[in-house]
1. Where residues in region B:48-65 are away from chain A (no Cβ under 14 Å) and out of contact with any Gly (no Cβ under 6 Å at 6 or more places or on another chain), which of them is nearest to A:Lys247 (Cα to Cα)?
2. Could we say that A:Leu195 is touching a Phe, Trp or Tyr at 6+ places or on another chain (Cβ under 7 Å) and farther than 30 Å from A:Gly417 by Cα here?
3. In region A:77-104, which residues are part of a loop (DSSP other than H, G, I, E, B), at negative phi and not aliphatic (A, V, I, L, M)?
4. Being within 8 Å of chain B (Cβ to nearest Cβ) and farther than 25 Å from B:Ala80 by Cα is the filter here, so list the residues in region A:256-281 that pass it.
5. Taking the criterion of being more than 14 Å from chain B (Cβ to nearest Cβ) and within 30 Å of B:Leu78 (Cβ to Cβ), would at least one residue in region A:185-199 satisfy it?
6. Given the options B:Val114, B:Val157, name the one that is of a type in the set (A, V, I, L, M, F, W, C), more than 14 Å from chain A (Cβ to nearest Cβ), part of a helix (DSSP H, G or I) and surrounded by fewer than 18 Cβ atoms within 10 Å (Cβ to Cβ).
7. With respect to A:Phe168, is the statement that it is touching a residue at least 12 places away in the same chain (Cβ under 8 Å) and either surrounded by 11 or more Cβ atoms within 10 Å (Cβ to Cβ) or at negative phi (or both) true?
Amino acid sequence: MSIRRYLVLILLSIITLVTFLAAIQGYKASMEQANNLFDEQLQIMGKTLLATSAIYNENTLRRSLDETTVVPSKHIAYQLFNNKKLLLRTDNAPKKSITQLSSGFTELNFLGQRWRVFIESSSIDQPHHIHKKVIVAQPIKERFSLAEQVILSAVTPIILVIPLIALFISMAIRHALKPLTVLRRELSEKKINDLSKLSSETTKTELQPVIHTLNQLFERLSSAFSRERYFASDAAHELRTPLSVLKINVHNLHITQRDKLDSQGQASLVQLAQSVDRMAHVVDQILTLNRTNPDQLTMEVTKLPLKVLLQQVISDLYPEIIKHQHDISLESQVTTLYANEFALLTLVKNLIGNACKYTPNGGHILVKTEVDEQSFTLIVEDSGPGIEESEYGRVFDRFYRVGGDSHQSTVVGCGLGLAIVQHIAKLHSAKIILAKSEQLNGLKISVNFPKKTMGENT
Amino acid sequence: MRILLVEDDMPLALGLQQSLRHEGFVVNHVDNGKSAISALSVPDQDLVILDLGLPDIDGIEVLKRTRDRNLTIPVIILTARDSLEDKVKGLDFGADDYLVKPFEISELLARLRVIERRLGTAKSALIICSDVSIDTAAHKVSIKDEEIGTSKKEYMVLKALMENAGRIQSREQIESRLYEWGEEVASNAVEVHIHNLRKKLPEKFIQTVRGVGYTVNKR
């Protein structure tokens, strides 16, 4: 549940609950007040009636009130007795006395209704024949409905205004949470490897430290990442220069001392040169493996002319190929492929390099491409010994070499080539398939690039 | 040929100087960018071998300032930076070649010789591959010291191949060499010239790398 929804719901519930409680309390209190007020009215009316009747002297009273007078009334009923003789009544009051009580308030039923009744009698010290009693009654239902009308018209607006309050609260909360919404959107749209600062700015004191801390974190992360990335190139420089020195000195030694050395010395020199080459290769492969690591490589995908790229790699590797007296051929139509240039060059270089290294001298290497609707496949076949099917799964492990330590020591390698190839294939969502070459009897390695995802990447 | 070697790593500089001097080059060595720029203000160098990771000014900056002053002196970049961007940047700023450490000294020498011939400062104008030699000064081709006749275009094709002996030249690369000479090139021109050259040259001298191009072996 979002904070906004939670706040709106909880605030509305509280407001509704409190309003109703207040309304009920107000209703109760108002009702009591109204009751007192009505009682007071009854009392005043009774007393007034009694007092008015006393003004008249006995004769007048007898004459004018000789016959029971009926006063039309809708609401309040009353009876006026003199010595238990009915003098005056309203038309909604019975002829008989409603109650035997002589004074005070009571509630009783007559004529199918419940009434609030006030009784008052003239004092006993009056002459005997003029003992007067007045009974005033008001229907309780009426008192209620009157009171209710008044109270409801006071309470109703408060209840009616609740939806309006809801609207305002919702708007206020939405406005107050806007910086948070903006931040949320920016964070969710941020790419996983985008470590740039957040552009959201806020004046809200609660959010400022959050954004500040996040930005600091991003900054530290990105500097850590770039340190890691630069570590590779720093290491490259640190290792490559001394390796160059080694190579040059071996070369110089070979040139200047060749004739002075005996056969053993010469053999040592060749060994030295080979070891230096091997070291250079291992360093190069480790750095490449690092650089093509999917976490490290920032993939810049471009449209690459595939045939030209393959020609370039074969040309680059040609001195090595000719050293092994291999025959290499390329069968490729002109195609373009969306890929990272460095990664694809490295992949092709490793595949052809492997074929060249592991095929006995004077072998055949075939590089070809196959294009269909959905995918594009790069295939390298050789006439070498191939790889046992049981080893297919393991050759991609780092530092794994077919045959383990008994590997031909003359072959320069470190067991990283196919691990690198796999990294790069993964980066391009490509599949690697190992098989036996039917044409050349050696290894056939195919890298299948999906066309669709490649195009979409751009 | 006089070479200015700009390299801050002393052991590497010493080793390189020894190799280059042994090959008959005159080498001047400086170990920082400022000295390189001031050395280049006097026109007594024929070529620069430039390391990019210099202690004071970056090698690319040295290259840029050199080119800004309209100096056309050939520059070979020698560096530990092997990313494609670095390479493209180096070549864009006008480097003639780009070698990544650790490099094969023979590769460096081959590239130096190509530039040397281009500058016309080579002691010998001869390029020799096994029995075949071409005299780049006289534009003549000989087999075992016996001169054979070639057309101008055939000579260009052969020169391109022999200058890059041991490496593959694609049809497009050879074509672009012919274009440089302002020739109209028909679509199958290279194939025709190669075919004609093969008839005149020893068997298997020019080899075809199917799908890639042509090559001539070094020895």
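The values are calculated or read from the model by the stated rules, or taken from the named source; none is laboratory data. None of these values were measured; they are calculated from a predicted model. Positions of Cβ are generated from backbone atoms using ideal geometry, with glycine treated the same way; all protein chains shown enter the neighbour counts.
1. B:Val48
2. yes
3. Once the filter is applied, which keeps residues that are part of a loop (DSSP other than H, G, I, E, B), at negative phi and not aliphatic (A, V, I, L, M), region A:77-104 yields A:Asp91, A:Asn92, A:Pro94, A:Lys95, A:Lys96, A:Ser97, A:Thr99, A:Gln100, A:Ser102, A:Ser103.
4. Hit for region A:256-281 is A:Thr256, nothing else.
5. No, there is no match, as no residue in region A:185-199 is more than 14 Å from chain B (Cβ to nearest Cβ) and within 30 Å of B:Leu78 (Cβ to Cβ).
6. Result of the check over B:Val114, B:Val157: B:Val114.
7. So A:Phe168 fails the test.
Quick grid of which residues meet (1) under 19 Å from A:Ser53 (Cα atoms); (2) in contact with a Pro (Cβ under 7 Å, 6 or more places away or on another chain):
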position: A:Leu86; (1), (2): yes, no
position: A:Asp91; (1), (2): yes, yes
position: A:Pro94; (1), (2): no, no
position: A:Thr99; (1), (2): no, no
position: A:Ser102; (1), (2): yes, no
position: A:Gln113; (1), (2): no, yes
position: A:Ile119; (1), (2): yes, no
position: A:Ser123; (1), (2): yes, no
